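The numbers here are math on the coordinates, done by the rules we state, and not lab data. The structure presented is a predicted model; accordingly, all values stated were derived computationally and were not measured. Here the Cβ positions follow ideal geometry from the backbone for every residue, glycine too, while neighbour counts run over all protein chains shown.
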Amino acid sequence: MATPPLPSTLTEPSRRHLIGGAAGLAAAPAVVRAAASAAQPPPPASRGSVEMALNVNGRDRRATMDVRTSLLDALREHLDLTGSKKGCDQGQCGACTVHVDGKRALACLTLAVAAQGRKITTIEGLAGADGALHPMQQAFIDHDGFQCGYCTPGQIMSAVACVEEGHAGADDEIQEYMSGNLCRCAAYPKIVAAIRQARAQMGAKA
Amino acid sequence: MRPFAYERAQDAMLATRYATAQGQTDAEVQFLAGGTTLIDLMKLDVLRPQWVVDITSFGERHSQIEIGAGGLRLGAFATMSAVADHPEVKAGYPAIAQSLMLAASPQLRNMATLGGNVLQRTRCPYYRDPSWQACNKRTPGSGCSAIEGYNRQNAVLGVDDKCIAQYPGDFGVALVTLEAEVELAGSGGARRIPFHALHRPAGQPHLEHTLQPGEVITAFRIPGGPLARRSLYLKIRDRQSYEFAIASAAVGLDFDGGVVRQARIGLGGMAYRPWRAQDAEGALVGKPLTEEAATQAADIALRGAITHGHNDYKPDLGRRTLVRALMQARDMEA
C-alpha cells in the first residue's frame, strides 16, 4: 500500500499558530490541557499493516491487519471467530451485531484499529464456560426463531442487549428495539416469542 | 476502501493541527467519531480521505447531558441512545428525545454521536453511488442526476437547480425548531453559533456546513421552557421503524389560555437542510389552534415547494404531517 502523502498543513505545523490557538481556546477545558503538549509532535499514525490488540470474549488477541480492516473482518478473517455474519456490510442488516463495552454495535461499521481498548463480545462469548447455552440462545432453539439461521447470531446479540437495556416489555417495544436486525426468512414472530421467554429467565429490568 | 492513515487524536489541539476542510466532500482529513456515516461512505468510495483522525477520546469530556435553569446542554459526543433514553430529556424536551429515538436502529444509536448525527450526509442515491458521474455534491460542477432521475426521496424546500439532496436527519430538525445553539472548539478559539447557521443554504452543494477547518462540535444548547415541554417530533416513513423520514415535523407550542402565544415549526424529510418554517409559526400566533388554523399554517410552510416528478407527493404529505403534529402537540399534557 502506498503511504499517503501528508497534507501540507500537517507537514509544516506553525508553532505560532498552535500556541495562538491554545490561548484562544482557553475557555474550552478540553483544549487547556492540550496546550502543554502543543509543541510536541503528534503520535505516529498507523498506515498499511499494523499489529493490533483486541479484547474479544475476555481474551486479549493480537493480529497484524490492514488499518482499513473492519471489526467484522478482523473477527471473521483474522481471529477465526466466524459467528458474526456479514450480510450487507454497510450497516443496514444487523447480522454483524456484537457488543462493544457491553452495548450492541455494528462490527461492519467499526474499524478494528479503533476498537482497540474496548471489550468486544461476540456470539461465541455468550455461552457459559461450561458450554451451557445463554438463555437467549436456548430460547431461539425452543421457539424455532430462525429458518436459514444466517441472521441469528446478530439477532441473538441484539436480543440480549434489548433485554439488558430494559426495552423488551410489550411486543411492540420488542419489535421497535429489534428493528435493526433484518430476517429475510421473516421469523419475526418467533424471535419475539424467544425474547419473551429469555426475558423472564434473564431477570429483566423491563 | 482506499488506503488511509489512522491516528487517534488525544486532545482538541491535535485535531486542530489537521487544519483542512474537515467534513467537506473533498477533504483529505476526516474526523472519526461514531463512524456510522464515514465508514459507510468510505466503503462506497464516496469519501476518500487520506487521513482518518479518531476523535472519540474527546468523548470523555464532551458527552455529558446537563439540565439547568437555562435549558439543556448536550455534549456532542453523547450517543443518540444515551440522549433518547434520558428521562429528563424525554419529559422536558420531548421533540429532542423523540427525534433521536425514531432515527436509525438501536445499534446505530449506540454508536453515532450527536455531533456526527447533525453532519450526516444525504441519502440521495446518486450521491451514494459514484458510478453516477453527475453529482454536484460529490463532484462540484458535474451536474445533478436526481433532478431528471429517480427523486422520490429528494427535497422540495430550499433546493435549487444544482442540487435537490434532502437533509436526512431528524435530530437536526428538532434542534433548528427549538432554536438550539452549537458550541465549537478549534484553532480560532471556542465559539457559539445558532444551529440554523451550521448548515449552508443551497448554492455550493459540496460545501454543507460552516465549520472552520479543523473545528469540532463540542455541545448543543437547547433553551428550556413551555415551548420545549409542549414539543414533539412526528415522523412519517415508508416502514414503521429503522427508516429515514419521507416527511416529518417538529413542533413546539406555548399557549396563553386558549390562544397560541408562541409556536415553533420545523420540517424534515422535505428540505435541503434542517428547515424551520417561521412564516407558518407567525400565522398561528394570537389565535386558538383549530385544525383550520393548522391547515393554513401548513399551506404557508410548504408554499415554496419545488417538485421534480417522483416527489410530487411530498408537499401534500408535508402539510398533513404538520397539521397532525400541531393537533397532537395542542392536545399534549404539558
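Of note:
- Taking other residues whose beta carbon is less than 11 angstrom from the beta carbon of residue A:105, and scoring Lys, Arg as +1 and Asp, Glu as -1, yields +3.
- Residue mean of other protein chain beta carbons inside 10 Å, A:163-175: 1
- Prolate/oblate/rounded label for the range B:172-219 (Cα gyration tensor, a/c 1.5): oblate
- Cβ-defined net charge surrounding residue B:220, 9 Å radius [Lys, Arg +1; Asp, Glu -1]: 0
- Gyration tensor verdict on chain B (Cα atoms; rounded if a/c is under 1.5, prolate if a/b is larger than b/c, oblate otherwise): oblate
- Placing unit charges on the Cβ atoms of the charged side chains and taking the dipole of the range B:41-195 about its Cα centre, the candidate lying farthest along the positive direction among B:188, B:155, B:140 is B:140.
- In order through the range A:147-164: 3J(HN,Hα) via Karplus (6.51 cos²θ - 1.76 cosθ + 1.60), integer Hz, x for Gly, Pro: 10, 6, x, 5, 7, 4, x, x, 4, 5, 4, 5, 5, 4, 5, 4, 5, 5
- Counting, for every residue in A:109-115, the Cβ atoms of other protein chains within 10 Å of its Cβ and taking the mean gives 6.
- Per-selection Rg to Rh, the range B:156-307 - Cα, Kirkwood hydrodynamic radius: 0.99
- Using C-alpha pairs below 8 Å separated by at least 6 residues, the relative contact order for chain B is 17 percent.
- Unit Cα scatterers, Debye sum, the protein assembly as shown: log10 I(q)/I(0) for q = 0.06, 0.09, 0.12 Å⁻¹: -0.30, -0.68, -1.22
- Net charge dipole size for the range B:242-334 [Lys, Arg +1 and Asp, Glu -1 on Cβ; Debye, nearest 20]: 240
- Neighbour-limited loop hits for chymotrypsin sites (Phe, Trp or Tyr not before Pro), the range B:264-334 (at most 15 other Cβ within 10 Å; DSSP other than H, G, I, E, B): B:313
- Evaluated with a Cβ-only charge set (Lys, Arg +1; Asp, Glu -1), the protein assembly as shown carries a dipole of roughly 560 debye about its Cα centre, given to the nearest 20.
- Rounded to whole numbers, the Karplus 3J(HN,Hα) couplings from phi for the range B:207-222 are 9, 9, 9, 10, 5, 6, x, x, 6, 10, 6, 10, 6, 10, 10, 10 Hz, using 6.51 cos²θ - 1.76 cosθ + 1.60 with θ = phi - 60°, and x at Gly and Pro.
- Tensor-based shape of the range B:275-334 (alpha-carbon gyration tensor, a/c under 1.5 rounded, otherwise prolate or oblate): prolate
- Globularity index of the range B:136-244 is 1.26 (Cα radius of gyration / 2.2 N^0.38 Å, N = number of residues).
- Calculated FRET efficiency for the pair residue B:2/residue A:88, C-beta based, R₀ 25 Å, to 0.05: 0.80
- Nitroxide proxy distance, nm - points 7 Å out along Cα→Cβ at residue A:172 and residue B:197: 4.3
- Members of B:90/B:162; A:85/B:314; A:86/B:162; A:103/B:314; A:85/B:90; B:162/B:235 lying beyond 31 Å, as alpha-carbon distances in this model show: B:90/B:162; A:85/B:314; A:86/B:162; A:103/B:314; A:85/B:90
- Dipole orientation for chain B: of the candidates B:93, B:305, B:68, B:305 has the Cα lying most toward the positive pole (charges on Cβ; Lys, Arg +1; Asp, Glu -1).
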